[in-house]
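Notes for the one structure printed next.
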Ligand SMILES: Nc1ncnc2c1ncn2[C@@H]1O[C@H](COP(=O)(O)OP(=O)(O)OP(=O)(O)O)[C@@H](O)[C@H]1O
Ligand SMILES: [Mg+2]
């Protein structure tokens with residue numbers, strides 16, 4: 001039987017706070033035959049580094065504009081410190097990992113999203129998962145920094161949630177797990193266990209889903225339409241896998257599809 005694949009997206013908000021249980025859960029999955037790939041964010045660490053470098057950032061419509069100097073710092077932080085920190089954490093827990101970015105092996109090809117508004121930010125156009133597959137075949141967990149290249153090899157930053165959903169789609173992953181700093185999608189302090197695309201649209205309209213959760217649910221929906229069977233939002237600060245079940249908010253095409 002073909003080994004099943006899970007793609008994890010670890011938020012910049014949680015990378016340095018991942019629990020022992022989180023790594024233990026990853027080991028359990030590897031031991032039971034799952035292939036794993038990880039995409040990470042790093043927004044807060046980029047912000048810190050820009051501050052340390054005294055670099056001014058431009059905002060456009062509430063969004064930081066990725067100017068060329070900001071992109072240079074973003075790549076340094078994402079592909080450098082954050083990526084290598086993560087690889088070392090996995091190694092500490094007995095998990096073999098190797099860092100790449102979307103620029104390596106033609107993994108993520110992108111085009112400018114909207115240079116006037118966002119600057120050096122890409123919209124993913126093409127995914128070639130060969131490098132990810134090659135590592136996973138050797139039992140090495142690929143740890144992917146969210147950068148990309150245009151067809152003429154210019155570097156562009158990409159949103160990590162969208163990068164994860166693109167990678168999961170290309171791998172035809174069985175599961176895509178967004179690992180973040182909350183237990184899942186919350187409403188009035190309660191976790192919503194299962195949501196459909198229609199329910200998510202309503203929660204966005206009601207402003208229950210806001211901020212960083214919006215690109216996440218949009219990426220979740222795009223992965224579902226790319227044939228990824230199951231997408232979840234889970235907390236990296238605790239255990240996401242307990243008593244043989246994944247803990248968090250499950251996003252499914254229809255409620256009947258829940259097993
Ligand atoms: N309904 C909701 N339920 C849970 N969290 C929500 C909801 N609406 C908005 N959020 C916010 O979404 C945040 C998670 O997204 P965020 O983008 O901050 O994290 P991340 O993607 O894991 O990390 P990063 O963007 O730094 O890589 C939560 O911490 C919470 O503040
Ligand atoms: Mg985010």
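Taken together, the values in this text are just the output of simple stated rules run on the coordinates, not laboratory data. These numbers were taken from a predicted model, which means no experiment stands behind them. Note that we place each Cβ from the backbone using ideal geometry, even for glycine, and neighbour counts take in every protein chain shown.
Worth a mention:
- Mean separation of Cα pairs under 8 Å and 6 or more residues apart, divided by the residue count, gives the range 1-114 a relative contact order of 23 percent.
- Calculated [222 nm] ellipticity per residue, helices only, for the chain: -9500 deg cm²/dmol; basis is -39500 (n - 2.57) per DSSP H run with n ≥ 4, divided by all residues, nearest 500.
- A crude spin-label estimate for the pair residue 194 and residue 93, with each label 7 Å from Cα along the Cβ direction, gives 2.8 nm.
- Taking the chain as a Gaussian network of alpha-carbon nodes connected by springs under 10 Å, the highest mean-square fluctuation of the residues 168, 31, 74 belongs to 31.
- Anisotropy class of the range 95-180 from Cα gyration tensor, a/c 1.5 cut: prolate
- Euclidean distance between Cα centres, the range 168-221 to the range 98-157, Å: 23 Å
- Here r is the Cβ-Cβ distance between residue 153 and residue 17 and R0 is 45 Å; the resulting FRET efficiency, rounded to 0.05, is 0.80.
- Distance between the pseudo-spin-label points of residue 52 and residue 84 (7 Å out from Cα toward the beta carbon): 1.2 nm.
- Pairs of Cα atoms nearer than 8 Å and 6+ residues apart set the relative contact order; for the range 102-259 it is 21 percent.
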